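Chemist: Before I ask anything, let me first share the structure, which is written out below as structure tokens.
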Amino acid sequence: MAGGVAHMLGLCRRAGKVVSGDTAVRNSILKNEVKLLILTRDAAKRTQDNFLQLAKEKDIPVFYYASKNELGTLLGKAPRTVAAITDEQLARGIAGAMERGEAGLCMS
């Protein structure tokens with residue numbers, strides 16, 4: 001994993017600007033709180049499809065990053081399939097790091 005994205009996720013966690021876990025992320029998307037969505041590379045196809053559809057409907061950029069275990073560890077949680085960034089500036093920083101190839105694959 002690249003330090004840039006991992007560092008930014010740590011900042012989001014400490015600032016309370018990241019939501020993780022299927023239900024919490026889904027609720028945040030429906031409340032229009034999500035600025036960027038992160039799916040793990042090993043997420044189930046159905047989970048990916050569901051979140052990609054939700055993100056498309058709400059015009060939320062989506063990136064693939066890490067594994068469930070790695071994402072959970074970065075967030076100080078059990079393994080996580082999905083995480084959402086709720087701060088616009090932090091979301092832009094993570095998207096920029098992803099697009100520079102520091103980690104992940106841009107999806108939308």
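The values are calculated or read from the model by the stated rules, or taken from the named source; none is laboratory data. Everything quoted here is computed from the prediction, not taken from an experiment. Note that each Cβ is placed from the backbone with ideal geometry, even for glycine, and that neighbours are counted across all protein chains shown.
Chemist: Within the stretch 52-71, track down each residue that is touching a strand residue (DSSP E or B) at 6+ places or on another chain (Cβ under 6 Å), part of a helix (DSSP H, G or I) and not aliphatic (A, V, I, L, M).
Modeler: Within the stretch 52-71, none qualify.
Chemist: Suppose we filter LYS58, LYS35, LYS45 for residues that are more than 21 Å from THR73 (Cα to Cα) and buried (at least 16 other Cβ atoms within 10 Å of the Cβ); which single one remains?
Modeler: Working: LYS58 fails: buried (at least 16 other Cβ atoms within 10 Å of the Cβ); LYS45 fails: buried (at least 16 other Cβ atoms within 10 Å of the Cβ).
That would be LYS35, the only listed residue that is more than 21 Å from THR73 (Cα to Cα) and buried (at least 16 other Cβ atoms within 10 Å of the Cβ).
Chemist: Name, by its number, the condition in (1) surrounded by fewer than 20 Cβ atoms within 10 Å (Cβ to Cβ); (2) in contact (Cβ under 8 Å) with a residue 40 or more places away in the chain; (3) in contact with a Pro (Cβ under 9 Å, 6 or more places away or on another chain); (4) of a type outside the set (Val, Ile, Thr) that does not hold for ASN69.
Modeler: Only one criterion in (1) surrounded by fewer than 20 Cβ atoms within 10 Å (Cβ to Cβ); (2) in contact (Cβ under 8 Å) with a residue 40 or more places away in the chain; (3) in contact with a Pro (Cβ under 9 Å, 6 or more places away or on another chain); (4) of a type outside the set (Val, Ile, Thr) is unmet by ASN69, namely (2).
Chemist: I would also like to ask the following. Which ones in the stretch 75-88 are more than 9 Å from LYS35 (Cα to Cα) and part of a helix (DSSP H, G or I)?
Modeler: Within the stretch 75-88, none qualify.
Chemist: Follow-up. Can you name the condition, by its number, that ASN32 falls short on among (1) more than 13 Å from LEU90 (Cα to Cα); (2) under 13 Å from the mean Cα position of the chain (by Cα)?
Modeler: (2)
Rundown of residues vs (1) assigned to a loop (DSSP other than H, G, I, E, B); (2) at pLDDT 95 or above; (3) more than 17 Å from MET98 (Cβ to Cβ), yes/no style:
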site: LEU9; (1), (2), (3): no, no, no
site: CYS12; (1), (2), (3): no, no, no
site: THR23; (1), (2), (3): no, yes, yes
site: LEU37; (1), (2), (3): no, yes, no
site: ASN50; (1), (2), (3): no, yes, yes
site: THR73; (1), (2), (3): no, no, yes
